[in-house]
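Shown next, in structure tokens, is the structure this report addresses.
Derivation of every value follows stated rules applied to the coordinates shown; laboratory data play no part. This one's a predicted model, so the numbers in the text were calculated from it and none came from an experiment. For neighbour counting, all protein chains shown are included, and Cβ atoms are generated from backbone atoms with ideal geometry for every residue, glycine included.
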Amino acid sequence: MSQRRTLAAFFLTVAVSLAKTSAPPVNLPDTETRTLTSKKIGQRYDLLVSLPDGYAKSTQSYPVLYVLDGWHFPLLVFLQNNNIYSQRMRPVIMVNVSHVPTPAAIALRARDFTPTKTPREAMSGGAPLFLDFLEHELIPFIDRTYRTIPSDRGLLGHSYGGLFAIYALENRPALFQRIVAASPSLDWDNGLLVTAARTRLHDLPGPVRLDLSVGDDHDNTEVTTAFAKLLDELKPHKLDYRFTLYHGENHNSVRLASFPAGLYWIYRPGK
């Protein structure tokens, strides 16, 4: 009996020891992480960066695609690597702006991506400051750190991130030349940005490509479709846009369809 207890204790010790042994992490090639603290917001952000194949050995400069929400990074890295073979879009530096993981991360993104304060989100209304952070802190930092083409910047956002992408287009139209807005929450504050589009998008200072999309299985469907119809009516000067309604996709699943297609469209040859 004593021997059985000894063996049981031995195997239990081995099992616990193996469980505590950490396996090596998965490393994604041509990626790196940086952090940047915004003086304007008083917030630290993780910057998840995916570099084009061969970046370290070349002297070439590249366009930059800014992506909102860090959880999109693995998908964007796959698209970056897949592009080596598919050649569906030109190589770009991808910078995922991620809220440092904390219990408050979801509330912080709602703060940064929403243009006005409403009861819908307790910390809402920080988009003006976040846009200032992008223009005056983040973009200059990236331009100093990497070999970039400052005249060719893209922005990709989903949900509140898509709302912010349209906000940036309407309020700082010269900042980004290529925009992907997937299932944007354009119902925010009684459709504030839809109404503002009539005056804000009338005449852009320079060419912008916009890929707008939504699934047909979500509350954002109606307002995003209405926004697309408004663009058809306005025909904004210098705005080259496309709207896609993805049948059978919901608010979250639409990303797997809209991100690749949207990026391939805004980076298609001809501009």
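R0 = 51 Å: FRET efficiency of Lys117 with Arg88, Cβ-based, nearest 0.05?
The formula returns an efficiency of 0.80 here.
Kirkwood-based Rg over Rh for the range 82-134 (C-alpha set), two decimals?
Computed over Cα atoms, the ratio is 1.20.
At 222 nm, what value in deg cm²/dmol follows for the chain if DSSP H runs of at least 4 each add -39500 (n - 2.57) and the sum is divided by all its residues, to the nearest 500?
Details: 9 runs with 109 residues, N = 271.
Dividing the helical sum by the residues of the chain leaves -12500 deg cm²/dmol.
Can you work out the Karplus-derived ³J(HN,Hα) for every residue in the range 243-260? Use 6.51 cos²θ - 1.76 cosθ + 1.60 with θ = phi - 60°, whole Hz, and x for glycine or proline.
So the Karplus estimates, Gly and Pro as x, are 10, 10, 9, 8, 6, x, 9, 9, 4, 9, 5, 4, 4, 5, 8, 7, 5, x Hz.
Just grab the label-to-label distance for His136 and Lys40, each label 7 Å out from Cα along the Cβ direction, in nm (one decimal).
So the two model labels end up 0.6 nm from each other.
Give me the one-decimal nm value for the distance between modelled label points at Thr145 and Arg172, 7 Å along each residue's Cα-to-Cβ direction.
Once both label points are built, they end up 1.6 nm from each other.
Along the range 47-62, what does the Karplus equation 6.51 cos²θ - 1.76 cosθ + 1.60 (θ = phi - 60°) give for ³J(HN,Hα), rounded to whole Hz, x for Gly and Pro?
10, 9, 10, 10, 9, x, 4, x, 4, 5, 9, 10, 10, 6, 9, 9
Just want to confirm a number: the relative contact order over the range 129-271, from Cα pairs under 8 angstrom separated by 6+ residues, in percent.
Averaging sequence separation for qualifying contacts and normalising by length gives 22 percent for the range 129-271.
Within 10 Å of each residue's Cβ, count the other Cβ atoms and sort Asp30, Asp69 from fewest upward.
By the 10 Å Cβ count, ascending, the order reads Asp30, Asp69.
Report the net charge of residues surrounding Tyr246, where surrounding means a beta-carbon distance below 14 angstrom and charges are Lys +1, Arg +1, Asp -1, Glu -1.
Summing Lys and Arg as +1 and Asp and Glu as -1 gives -2.
So which residue, out of Ser22, Ser258, Ser50, gets the largest mean-square fluctuation from a GNM of the chain using Cα contacts under 10 Å as springs?
Comparing Ser22, Ser258, Ser50 in a Gaussian network model of the chain, the most mobile one is Ser22.
Which value, in debye to the nearest 20, describes the size of the charge dipole of the range 26-266 about its Cα centre when Lys and Arg Cβ atoms bear +1, Asp and Glu Cβ atoms bear -1, and nothing else is charged?
Magnitude of the dipole: close to 640 debye.
Could you grab the relative contact order for the range 37-194? Cα pairs under 8 Å, six or more apart, rounded to a whole percent. Write down the numbers at each step before the final one.
Values: 268 pairs, mean separation 37.0, N = 158.
Computed value for the range 37-194: 23 percent relative contact order.
Give the order of Leu263, Leu245 when sorted by the count of other beta carbons within 10 angstrom, beginning with the fewest.
Least crowded to most crowded, the residues run Leu245, Leu263.
With point charges of +1 on the Cβ of Lys and Arg and -1 on the Cβ of Asp and Glu, referenced to the Cα centre of the range 115-271, which listed residue (Tyr267, Ala228, Phe243) lies farthest in the positive direction of the dipole?
Tyr267
What distance in nm lies between label points placed 7 Å from Cα along the C-beta direction at Asp53 and Ser22?
With each label point 7 Å from Cα toward Cβ, the separation is 3.2 nm.
Once amide H atoms are built 1.01 Å from N in the peptide plane, which residues 5 or more positions from Tyr66, or in another chain, come under 5 Å H to H?
Val95, Gly154, Leu155, Leu156
So how strong a dipole does the range 194-271 carry about its Cα centre when Lys and Arg Cβ are +1 and Asp and Glu Cβ are -1, to the nearest 20 debye? Walk me through the intermediate numbers first.
Numbers: 10 positive and 10 negative charges, 101 e Å.
Taking the Cα centre of the range 194-271 as origin, the dipole is about 480 debye.
Just to be sure I understand: of the beta bridges DSSP finds with both ends in the chain, what percent are antiparallel, rounded to 5?
30 percent
Stretch Asp216-Asn252 to full length: gain in nm at 0.36 nm per residue minus the Cα-Cα span?
So the extension gain works out to 11.8 nm.
Given a 10 angstrom Cα cut-off, can you work out which residue in Glu249, Glu137, Glu233 is the most mobile in a GNM of the chain?
Glu233
How many angstrom lie between the C-alpha centres of the range 155-196 and the range 94-131?
14 Å
Please identify, among Lys235, Lys57, Lys117, the residue showing maximal mean-square fluctuation in a Gaussian network model of the chain using a 10 angstrom Cα cutoff.
Most flexible of the set in this elastic network: Lys57.
Cα gyration tensor of the range 26-266, axes a ≥ b ≥ c as square roots of the eigenvalues: rounded (a/c below 1.5), prolate (a/b > b/c) or oblate?
Note, shape of the range 26-266 comes out rounded.
Using Cβ counts within 10 Å as a stand-in for footprinting exposure, how do Glu121, Glu32 rank, fewest first? Walk me through the numbers on the way to the answer.
Values: Glu121 18, Glu32 11.
Placing the least packed residue first, the sequence is Glu32, Glu121.
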